[in-house]
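Report on the following structure.
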């Protein structure tokens, strides 16, 4: 070995140790703070923020440049929105259109008007008031989604409505950035031709991304899947996320919007679950780094010098936003508990406010000190959110359901796996049990499990949307899987996972309505039945029996109704005449068997 090489070998470890020390301290602070804050009921996000404040330039000063961390950690938000996009199939987004563009638009509009009006009432110009107010309106997607996940309400109707509002707010960052550019004092120096050129570039970026997602991504992942190289699939997933983000950034749009759009384009792909699993580790660590960086960026000297303005901004903005959210929720006829819960959960500002305030600073609408004050107000609102949720739980407690005596699904084995054991599941289980078939039954409602135990039903606790629970419940050995839960989005997710992971097992599902039935057919369900369809037809047949004495006519009419419905459903779901014919025959056979 040469002296030069030996010198490098000797000094490399020392140099690497010096460089690694801040990273080790940063990670160590997160490892200690996050579990501690979760144990105190304050949430993991607050733990990350606190850890960042402690090790940042205004704490112990271990990390002196929080912006360097934030530039990398912003990818965590990008990947987070990609994962959200994967769960938002176009059909599901279309099904949520009323909540997204109705409830979401109303909430964003009312909150923006109130917060902008508050700034103008204090004497600030419209442009500054608008930027400050709308930035605070953009709720933290990361915090709210984390809270929904931790409280296990993400799949419930109130959780879906909250997600719909978050989606609109995330999409709103694009037009808001465009408005900031128009409000800039130097906007007059930009010609109309240049503005049109920038608009054309942005639209071209979106069109290019949509075309790539439509015609290139699925064939690409199919080829990579055939190669059976797991690390290449992971690299391809990262390439798609970062490539989509880069494409949008190059077009002058939001990186996060590009990642979300890429996720939506891949949401119908057969590789969706694989992509989500590959991205998850990177998303988690980078999102944690993002909140660490935000905590480090909290300038305590600015807060000390302007503490009255910061306190007034935080309290006024949070109070006005909560009032607006509550009024909009009640206007849309949501119950009082959900309205208050959403007002508390979404009272804070979000991570996209940092992007909007930075753009406004660069455009000359607000100065650096105002940016620091507004950023501090956003961070303070994030820290206050867990405390508000604790107060909400304290004053509006929900009935506590103990897990004592309830057995989780573990190493089960039976002919049939039944997921969901409400009224629907209880009825359909009776013929199966009467014919001697064994059932593995899993349910998420602890109260239902307790109520059914005296009647001799052995029901295990388990969430069918989790792959590990399905394995524990014996899905891989079952001859048949029946999904009987009443949550339409959760039902769809169960079917998608089962058909992806256990394609050899037939799946029957309970559909909420016609639209849900079509979604289940697209997901690959072997057979579905709308929960009110057959009961309504049975009642109609009884009515005809009382009105029409001829049995032949009555049976012919009922068969024609079933046939027309099956034809429409098949055509709407697949557009194929052969599929329609097959479905009609199968439904006709089922009807004759039932008769």
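The values are calculated or read from the model by the stated rules, or taken from the named source; none is laboratory data. Everything numeric in this text was worked out from a predicted model, so none of it was measured. Glycine also receives a Cβ, built like all others from the backbone with ideal geometry; neighbour counts cover every protein chain displayed.
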Practice item. Could you pull out the residue among 327, 315 that is under 24 Å from residue 121 (Cα atoms), surrounded by fewer than 23 Cβ atoms within 10 Å (Cβ to Cβ), assigned by TED's automatic domain parsing to the domain that holds residue 295 and more than 25 Å from the chain's Cα centre (by Cα)? Key: 315
Review point. Could you say which residue among 551, 559, 501 is closer than 30 Å to residue 161 by Cβ and in contact with a helix residue (DSSP H, G or I) (Cβ under 9 Å, 6 or more places away or on another chain)?
Key: 501
Review point. Is there a residue in the stretch 418-437 that is at pLDDT 90 or above, part of a strand (DSSP E or B), surrounded by fewer than 24 Cβ atoms within 10 Å (Cβ to Cβ) and touching a strand residue (DSSP E or B) at 6+ places or on another chain (Cβ under 9 Å)?
Key: no
Check your understanding: Among the numbered criteria (1) at pLDDT below 75; (2) within 26 Å of the chain's Cα centre (by Cα), which single criterion is violated by residue 19?
Key -> (2)
Practice item. Search the stretch 468-484 for residues being touching a residue at least 24 places away in the same chain (Cβ under 8 Å) and out of contact with any strand residue (DSSP E or B) (no Cβ under 6 Å at 6 or more places or on another chain), and hand back the single one that is nearest to residue 410 (Cα to Cα). Key: 472
Revision key, fill the gap. Being in a helix (DSSP H, G or I), more than 21 Å from residue 410 (Cα to Cα) and over 23 Å from the mean Cα position of the chain (by Cα) narrows 534, 515, 496 down to just 534
